[in-house]
Amino acid sequence: MWGGIGIGLVWGCLIGGLKGVPQSNWRNILSVAVGTVLLGAGIFLIEAWRGLIAFVIAAVLAWLVGFLWRSGLRKRFATPM
Amino acid sequence: MSDRTIILWGAAGFGFLIGWYVYYINRYRKGDVQLSDLVTLIGIIGGGGITALFEAKTAMFGAYGLGLATGFFSYFVVLIFMVGMTKNFGVDWFLDGRRKKVADDEFIPEYVNQTTSAMDAGGGANAINR
């Protein structure tokens, strides 16, 4: 389970960071989908269902925290150029 | 310290190194998501697969995963620490990459990599004004 949590946290942060880079969206979505399936399959093989569920929850959580962190930081500190 | 403890610390340390490196790769990524990013992911799982070959595979994979997350976020914590220490960067750098101009008696060598985006959630500085 812990392996899934660790990898999920990292993966969630990576997904959250993709949004800011100007690029075509379909490529992002495809990369995220393929990466998630690969990681999910690998974790499922090693840690079974518990690991997979932990991976998904941790990834969503990390993505959410990253999103809130960025928007909160922007509201509080950002000064116009 | 027992052999098992050393093995678990070894797996965690291995994960830490890879986590640190993943942050580094993501930070200096050249804009678009590329195949190399997927190869990196496979490397992450591959690293976990190596630890799974050993006897206590679940515990080692867990230690690897925790080490991975710790290494990844440690890079970020060190970044926050260094930005706090210097006067050349402020918290705005995390949002839109803003920084002070290089002074007259300073220069940035050409071989130094530039980050593509700090922690921009879309729109950059213009989004702040909306």
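All of the numbers you see were taken from the coordinates with simple rules; none came from a lab. Note that the coordinates shown come from a computational prediction; the quantities given were computed from them, not determined experimentally. Here Cβ is always computed from backbone atoms with ideal geometry, including for glycine, and neighbour counts include all displayed protein chains.
Tabulated values for the structure
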item	result
Phi to ³J(HN,Hα) by Karplus 6.51 cos²θ - 1.76 cosθ + 1.60 over the stretch A:29-46, Hz, x for Gly, Pro	4, 4, 5, 5, 5, 4, x, 5, 5, 4, 5, x, 5, x, 5, 4, 5, 8
Test item: B:6-15 mean partner chain Cβ contacts at 10 Å	1
Where labels lie 7 Å past Cα in the beta-carbon direction, separation of B:SER2 and B:MET85 in nm	3.9 nm
Inter-label distance for B:ASN113 and A:ASN28, nm, one decimal - labels placed 7 Å from Cα along Cα-to-Cβ	2.1 nm
